[in-house]
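S.K.: My questions will all concern the structure given below.
The values are calculated or read from the model by the stated rules, or taken from the named source; none is laboratory data. Keep in mind it's a predicted model, so treat the numbers as computed, not measured. Every residue, glycine as well, gets a Cβ built from its backbone with ideal geometry; the counts of neighbours run over all protein chains shown. We work out accessible area using only protein heavy atoms, side chains counted, and drop any ligands, DNA or RNA first. Shrake-Rupley method; radii C 1.70, N 1.55, O 1.52, S 1.80 Å.
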Amino acid sequence: MAEVLLKEVSKKFGNFLAVNKVSLEIQDGEFVVLVGPSGCGKTTTLRMIAGLEEVTEGEIYIGGRRVNDVPPKDRDIAMVFQNYALYPHMDVYNNMAFGLKLRKVPKKEIDRRVREVAEMLGIADKLRAKPRELSGGQRQRVALGRAIVRNPKVFLFDEPLSNLDAKLRVRMRAELQELHQRLRTTSIYVTHDQVEAMTLGHRIAVMKDGQVLQYDNPRVIYDQPANMFVAGFIGSPPMNFIPARVVEGDGRVWLEGRGFKLALPPEQATPEVRRYNGQEVVFGLRPEDIRTLDTVREPPEGRTFPGRVKVREALGDELIVYADIAGDEIVAKLDPRLTLEPGQEVTFVAMLEHMHLFDRDTEKAIL
């Protein structure tokens, strides 16, 4: 078993608190992603799990064993770094075999493991090549292979795809998913890329300022963000945040803003929302939950609002439109066949079934 457990783990560098009481439970065979902006503490957390940084406070367990004072080589983990960290004077075979040689694994077993993993990763024909003769994707496969041959309890990935071009990153993401399905090894993956987090993780820990703000599966993180930071960080383009006021009247609950008045569906007019009657809130709506009036058949009453197109980005499979709503900017992800031009007046429709509301002061989710 290779569960990884972090209990109230903190890390200080002098007076700077880099990681603040992080608690995570990672199940055996699970693929967990730590995601957040630069400086949020995700890599420091990973390095503490690996034993490359000392824990200031808290406890870390791997496979039920407390490892705070266990050196990295005895934790039975394998780490894949952002810069691959290959030995330039060694060929692929010896780069992959090096860790096994240090552990005195018999030569026949080393040869079997290296060739088996090289075949799995599609680099069997590169075993005698030096790293400088390889492409970025091939080097990344060598780094993965070096970790896999060790058959560790836990894989740790520190932004392993960030040096690859966009097309290769997409392919390598798919290969990492397939690899995990084969190996079923507990994996912890650090990235600042929310697309990698959403596509790779069984669960995602969204971090900011050394803290985990939400830890759940990708669907929950996307559909039920705990606060405005999570809502804005996960999703591309990010969620729209618009100042509004909750108003009850005519037996309904409304959201009033500078350029709109929207009627909440009955299922959204919860007691929690009604408690904010007369108060300022933040209205959250994802770009894909905005339509234009001419593309919606019989929109419900109280769902439309006027806007003016500022910028359009035609991406082939979708049209991204930046629009002005009485001084507030929104982003909409629309049908690519629409012919909208800058300066054009448009009537938008809000798909309020998927709306979000946040407390203006605490930024925590109300709905």
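Table: residues versus (1) closer than 22 Å to V273 by Cβ; (2) in contact with a Lys or Arg (Cβ under 9 Å, 6 or more places away or on another chain); (3) open to solvent by 30 Å² or more (accessible area, probe 1.4 Å).
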site: V206; (1), (2), (3): no, no, no
site: R219; (1), (2), (3): no, no, yes
site: Q224; (1), (2), (3): yes, no, yes
site: F229; (1), (2), (3): yes, yes, yes
site: G251; (1), (2), (3): yes, no, yes
site: R258; (1), (2), (3): yes, no, yes
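S.K.: For region 122-147, name all the residues that are touching a residue at least 40 places away in the same chain (Cβ under 8 Å), among the hydrophobic types (A, V, I, L, M, F, W, C) and surrounded by fewer than 21 Cβ atoms within 10 Å (Cβ to Cβ). Quick ask: steps written out before the conclusion?
M.R.: Filtering region 122-147 for residues touching a residue at least 40 places away in the same chain (Cβ under 8 Å) gives 130-132, 134, 139-140, 142-147.
Of the ones still in play, those that are also among the hydrophobic types (A, V, I, L, M, F, W, C) are 134, 142-144, 147.
Hit for region 122-147 is L134, nothing else.
S.K.: For G284, are the conditions met, namely being within 24 Å of Q224 (Cβ to Cβ) and in contact with a helix residue (DSSP H, G or I) (Cβ under 6 Å, 6 or more places away or on another chain)? Step through it out loud before you land on a result.
M.R.: Values: within 24 Å of Q224 (Cβ to Cβ): yes; in contact with a helix residue (DSSP H, G or I) (Cβ under 6 Å, 6 or more places away or on another chain): yes.
Yes, satisfied.
S.K.: Hey, can you tell me all the residues within region 175-213 that are out of contact with any helix residue (DSSP H, G or I) (no Cβ under 7 Å at 6 or more places or on another chain), of a type outside the set (A, V, I, L, M, F, W, C) and not in a strand (DSSP E or B)?
M.R.: Scanning region 175-213 gives E175, E178, H180, Q181, R182, R184, T185, H192, D193, H202, D209, G210.
Table: residues versus (1) aliphatic (A, V, I, L, M); (2) under 18 Å from I60 (Cα atoms); (3) out of contact with any strand residue (DSSP E or B) (no Cβ under 9 Å at 6 or more places or on another chain); (4) at pLDDT below 95.
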site	(1), (2), (3), (4)
S187	no, yes, no, no
A197	yes, no, no, no
V212	yes, yes, no, no
Y222	no, no, yes, no
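S.K.: Test of understanding: among V55, V32, V19, V92, which residue is touching a Leu at 6+ places or on another chain (Cβ under 8 Å), more than 30 Å from R132 (Cβ to Cβ) and open to solvent by less than 60 Å² (accessible area, probe 1.4 Å)?
M.R.: On the way: V55 fails: touching a Leu at 6+ places or on another chain (Cβ under 8 Å); V19 fails: touching a Leu at 6+ places or on another chain (Cβ under 8 Å); V92 fails: more than 30 Å from R132 (Cβ to Cβ).
Sole residue among the options that is touching a Leu at 6+ places or on another chain (Cβ under 8 Å), more than 30 Å from R132 (Cβ to Cβ) and open to solvent by less than 60 Å² (accessible area, probe 1.4 Å): V32.
S.K.: Sort out for me the strands (runs of 3 or more DSSP E) sitting completely within region 292-335 that have 2 or more residues that are in contact (Cβ under 8 Å) with a residue 60 or more places away in the chain, on the phi < 0 side of the Ramachandran plot and of a type outside the set (F, W, Y).
M.R.: The strands (runs of 3 or more DSSP E) meeting that bar are 319-325, 328-334.
S.K.: Answer with yes or no whether D28 is assigned to a loop (DSSP other than H, G, I, E, B) and farther than 30 Å from Q138 by Cα. Working first, answer last.
M.R.: Working: assigned to a loop (DSSP other than H, G, I, E, B): yes; farther than 30 Å from Q138 by Cα: no.
So D28 fails the test.
S.K.: Considering only residues that are β-branched (V, I, T), at pLDDT below 95 and open to solvent by 50 Å² or more (accessible area, probe 1.4 Å), which ones fall in region 269-316?
M.R.: Listed by number, the list holds a single entry, T295.
S.K.: Which residues, counting only those in region 1-42, are of a type in the set (K, R) and more than 21 Å from R75 (Cα to Cα)?
M.R.: Selection gives K12, K21.
S.K.: What number of residues within region 177-199 satisfy the criterion of being out of contact with any His (no Cβ under 8 Å at 6 or more places or on another chain), open to solvent by less than 10 Å² (accessible area, probe 1.4 Å) and under 17 Å from M79 (Cα atoms)?
M.R.: We begin by selecting, within region 177-199, every residue out of contact with any His (no Cβ under 8 Å at 6 or more places or on another chain); these are 177-186, 188-199.
With open to solvent by less than 10 Å² (accessible area, probe 1.4 Å) added as a condition, the list becomes 186, 188-191, 196-197.
Add one more test, that the residue is under 17 Å from M79 (Cα atoms), and what stays is 186, 188-191.
Result for region 177-199: 5.
Rundown of residues vs (1) outside any helix (DSSP H, G or I); (2) at pLDDT below 95, yes/no style:
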| residue | (1), (2) |
| --- | --- |
| A85 | yes, yes |
| P88 | yes, yes |
| Y93 | no, no |
| L100 | no, yes |
| K108 | no, no |
| D111 | no, no |
| V114 | no, no |
| V117 | no, yes |
